[in-house]
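**Student:** Can you keep this structure in mind? I'll have questions shortly.
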Amino acid sequence: MNRSIFHVTACFVVFSITAQNIQINGFIADAESGEPLIGASVYQPQSLKGCISNNFGFYTLTVEKNEPVLLQVSYVGYQTQLIEFVPRKDTLLRIYLQPGTMLDEFEVKANARQRIEELPEMGKLDIPMNQIAMIPTMTGEPDILKAYQLMPGVQGGQEGHNGLFVRGGTPDQNLFLLDDVPLFNVSHIGGLYSVFDPSMVKSIDFYKGGFPARYGGRTSAVIDVRNKDGNLKEWKGELGLSLILSKFFIEGPLKKDKSSFAFSIRRSNLDLYSYLYGAVADREYTVGYTFYDINAKSNIYLGEKDRLIINAYHGRDKYFYREPKKTVQDLTYQTKVNQRWGNSTGSSRWQRVMANSIFQNITLALTKYVYNDEINSYSESSLDNSFTNDTYTIFSGVNNIILKADYEIPLKKNSIKTGLQFNHQIYVPTQIQFSEYQEVDGIAPIDENTDYRSKLFANEWSAYVEYLFSLKDLNGNIGFRANSYTVNGTSYPSFQPRLVLNYRVAPSLSIKGSACVMEQSTHLLTNSNTGLPTDLWIPSTDKVAPEKSKQFALGLAHTSVNNIELSVEAYYKELNNLIAYKEGVILFSTGENWDEKIETGGEGWVKGLEFLVQKKQGRLTGWVGYTLSQNE
C-alpha cells in the first residue's frame, strides 16, 4: 500500500514539471565562511515568484526555459546580490552573499526580503541571533531561551524554574530540537542558562502555534535550534571568561571549501568558588554545583549534490556534597552525595539533491537523558571491630533511537514536503537500588536490595505531508501527520491535521488563520514548581493515554514603510489527557509503581490575545509585545 502511494506521488511530480519549465536550485551561503544561510530569500521580479532557503541553506525555484532570469538574493545583514542569466536546462547554482549592507542597496534589499504579511506562517517567533547577542543580561552571557521569554505568549514561570510556559502549556509540552534531535532537560542553574551555547548556535525557529506537519510529539511549542556547520574558508575562535562561565569556541576548514567543523565547550565556575570558600573559611564539608556543555559538528561536501553532516552534544549538571571522616567516641562515619543529570545526543545526516530538484535528508540519531542520585554512608566501630558501607542510588532515564527521511519536492508553482520517521524509545521511569556491605570480626555478608522498575520499550511511527501553495492573494500550508505509538501491546493511532492560511487584503496587510491538532506520548511528572532534576520523564502506557491539544488562531500581519512588523493574534487551545501526581505521594518510594501515583484524564482550556511590534533592521532594532490570556 505505501509503495503504491509513493509511486503515484513520484509520477505526479514528474508530470507537474513540464518540459517548458526547469529548476534552478542550490545552496546559499556566507561568502566569508561558507556557512549555509537559513531563510535567505530568492526573488524573481519578472514573475513575482520567490522562495526561501530551508534549514540547510537549500533553495529551489521553477523558471521558464530559455527565458532571461533575474534573481534578487537577500538575507538580513547581508548585501543583496543580483544574478541575471538565461537558463537552458536544470541548473545547480551555489550563491554566496557578502556580510554587511551597502546604502545604495538598502531599498532593493528591503523590497526583496519576504515580509511577514507574505509568509504562510502563524504563531512563529523570530529573533535574529545578532539581536539576542545584544540583549542585556545579569550574567553577561546572552541566552536564547531568556530572550524568547520576552516575547508575547511565552513565560518563564517563577524564579528558579527551568521551563518555558507557552500559551498556557507546561515545560514538557515543548519540543526542543538541536539539529533535528530532541532534548529533554534544557536548562542549567534552575533556568538561569539554557543548554544552547550562543557561540555555537546559527538559527532558531520558535513555533507557539501554526505548527507545520513535519513537527510532532509535543502539544504546546516547537523550538528548533540549528548549530553552525563550521567555517569552510578560514580558522576562527573565541575564548571567554566571566564570573560564572569559562568557554571556548573554534571553527575552521578540514579541507578548504570541502569540509569543516565547529566545536565549543563551556563550563560553570561555581564549584571553583565553593572550593575556594571552603579553603578560606576552613569549612569541614565540601558542597558545590557545576555544569558543562560540549558541542561538535562536522560538515562534509561529498560532491555538488551530496553532503554529510555529523554532530554531537553532551551536557551534564553536577551537584556534590562530601564531608570528611568524623569520629564520635567509638564511631567513625562519613557521608557523600553525588547528583548528575543531563542530555547526550549524536546524529549523522546525509543530504542529496535528487532528480527534479528533490531535496533528500536522511538522519540517524541517538538521544539520551539520565538522572542519577547516589548517597553513600560509611561507618566504622572500634567496639566490635565492624564497619558498614551503604549506597542508596536513584536512577531515571530516557533513550531514543531515531531514523527518519525527509523530502522537499518542488512543483511548477507550489511544493510538497513529506517524510517518514521511526522512533524506538527506552524508558526507565524509576530505578531504586540499596546495597549494604558489613563486616563484623572478619565476617562480611553483603545485603543488596534492588527495586528495579522494569524498562519500558515503545515504538513510534509517523509520516507527514505538507502542501505549500500560492495563489494570487492566498497562500498557505495544508498538511497532516499520521502517528502510531505502541507500548505494552497497546497502540494509540492518531491523525493530526494542520492548516495555515494567509490572505493578502492589501499590499502590506494580510489576514492569517491556523488550526492544528497535536499529540505527545512523553510526559513529565513533577511534584513541585521548582523544576528540580528529580522530575521524571515517563511514557504513555496502557494506563496512561497520550496528551492531545487542539489550537485555533486568527490574526493580522502588517509591515510599515520603514520595515516595522506588526502582528495581532487571537487563539484558543484545548488540552486533554493531562496527568499529575496524586496529593501526598512520595516521589521515590518502593511501595508503588509510578503509574499508581498519578491522576489521569486532566483537561485544560487556554485563550488569549497577543500583540507584537518588531524591528529587525537598521541602527535601532528590538520589539514590544503584550499578552492578555486566561488559562484553566
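The values are calculated or read from the model by the stated rules, or taken from the named source; none is laboratory data. Note that the coordinates shown come from a computational prediction; the quantities given were computed from them, not determined experimentally. Positions of Cβ are generated from backbone atoms using ideal geometry, with glycine treated the same way; all protein chains shown enter the neighbour counts. Note: accessible area is taken over every heavy atom of the protein model, side chains too, but ligands, DNA and RNA are not part of it. Shrake-Rupley method; radii C 1.70, N 1.55, O 1.52, S 1.80 Å.
**Student:** On a 1.4 Å probe surface of the protein chains, which of Met134, Met129, Met122 comes out largest in accessible area, and what is the full order?
**Tutor:** Largest accessible area first, the residues go Met134, Met129, Met122.
**Student:** Looking at region 148-245, which chymotrypsin sites (Phe, Trp or Tyr not before Pro) are in a loop (DSSP not H, G, I, E or B) and have at most 11 other Cβ atoms within 10 Å?
**Tutor:** Answer in residue order: Trp235.
**Student:** If you keep only loop residues by DSSP, which GluC sites (Glu not before Pro) in region 224-260 have at most 15 other Cβ atoms within 10 Å of their Cβ?
**Tutor:** Here the sparse-neighbourhood loop sites are Glu234.
**Student:** Now for a different question. Determine the per residue accessible area of the chain with all protein chains present and a 1.4 angstrom probe, expressed in square angstrom.
**Tutor:** In whole numbers, the chain has 46 Å² accessible per residue.
**Student:** For the pair Glu32/Ala355, report the inter-label distance in nm, with labels modelled 7 Å from Cα in the Cβ direction.
**Tutor:** 4.3
**Student:** For region 253-305, what is the relative contact order in percent, using Cα pairs closer than 8 Å and at least 6 residues apart in sequence?
**Tutor:** Rounded, it is 48 percent for region 253-305.
**Student:** At a probe size of 1.4 Å, how large is the accessible area of Val328, to the nearest 10 Å²?
**Tutor:** 80
**Student:** May I pose another question? How much accessible surface does Thr526 have with a 1.4 Å probe, in Å² rounded to 10?
**Tutor:** Thr526 exposes around 60 Å² with every protein chain in place.
**Student:** If you don't mind, there's one more thing I want to ask. Got the relative contact order for the chain handy, in percent, Cα pairs under 8 Å and 6 or more residues apart?
**Tutor:** Averaging sequence separation for qualifying contacts and normalising by length gives 10 percent for the chain.
**Student:** Less than 19 Å from a label point 7 Å out along the Cα-to-Cβ axis of Ile564: which backbone N atoms in region 601-616 qualify, by residue?
**Tutor:** 610-616
**Student:** Same structure again: If r is the Cβ-Cβ distance from Phe552 to Ala580 and R0 is 30 Å, what FRET efficiency results, to the nearest 0.05?
**Tutor:** Using R0 = 30 Å, I get an efficiency of 0.75.
**Student:** Express in Å², to the nearest 10, the accessible area of Met518 obtained by rolling a 1.4 Å probe over the protein heavy atoms while all chains stay in place.
**Tutor:** Accessible area, nearest 10 Å²: 10 Å².
**Student:** Given only helices, namely DSSP H runs of n ≥ 4 each adding -39500 (n - 2.57), what is the per-residue ellipticity at 222 nm of the chain, to the nearest 500 deg cm²/dmol?
**Tutor:** -2000 deg cm²/dmol
**Student:** Let me ask another. Pop out the carbon and sulfur fraction of the accessible area of the chain as a percent, whole number, probe 1.4 Å.
**Tutor:** 57
**Student:** Is the shape of region 179-267 rounded, prolate or oblate, going by the alpha carbon gyration tensor and its root eigenvalues a ≥ b ≥ c, with a/c under 1.5 for rounded and a/b larger than b/c for prolate?
**Tutor:** It is oblate, given that a/c is not under 1.5 and a/b is not larger than b/c.
**Student:** Take Lys258 and Tyr626, extend 7 Å from each Cα along the Cα→Cβ direction, and tell me the distance between the two endpoints in nm.
**Tutor:** 5.9
**Student:** Turning to a different aspect of this structure: Using 7 Å Cα-to-Cβ label points, what is the Ile135/Glu323 separation (nm, one decimal)?
**Tutor:** A separation of 4.2 nm, rounded to one decimal place.
**Student:** Set the Förster radius R0 to 56 Å, insert the Cβ-Cβ distance between Val280 and Asn488 as r into 1/(1 + (r/R0)^6), and round the FRET efficiency to 0.05.
**Tutor:** Using R0 = 56 Å, I get an efficiency of 0.50.
**Student:** Okay, next question. Given R₀ = 22 Å, what would the calculated FRET efficiency be for Asn376 paired with Asp330, taking r from the Cβ atoms and rounding to 0.05?
**Tutor:** E(calc), rounded to 0.05, equals 0.55.
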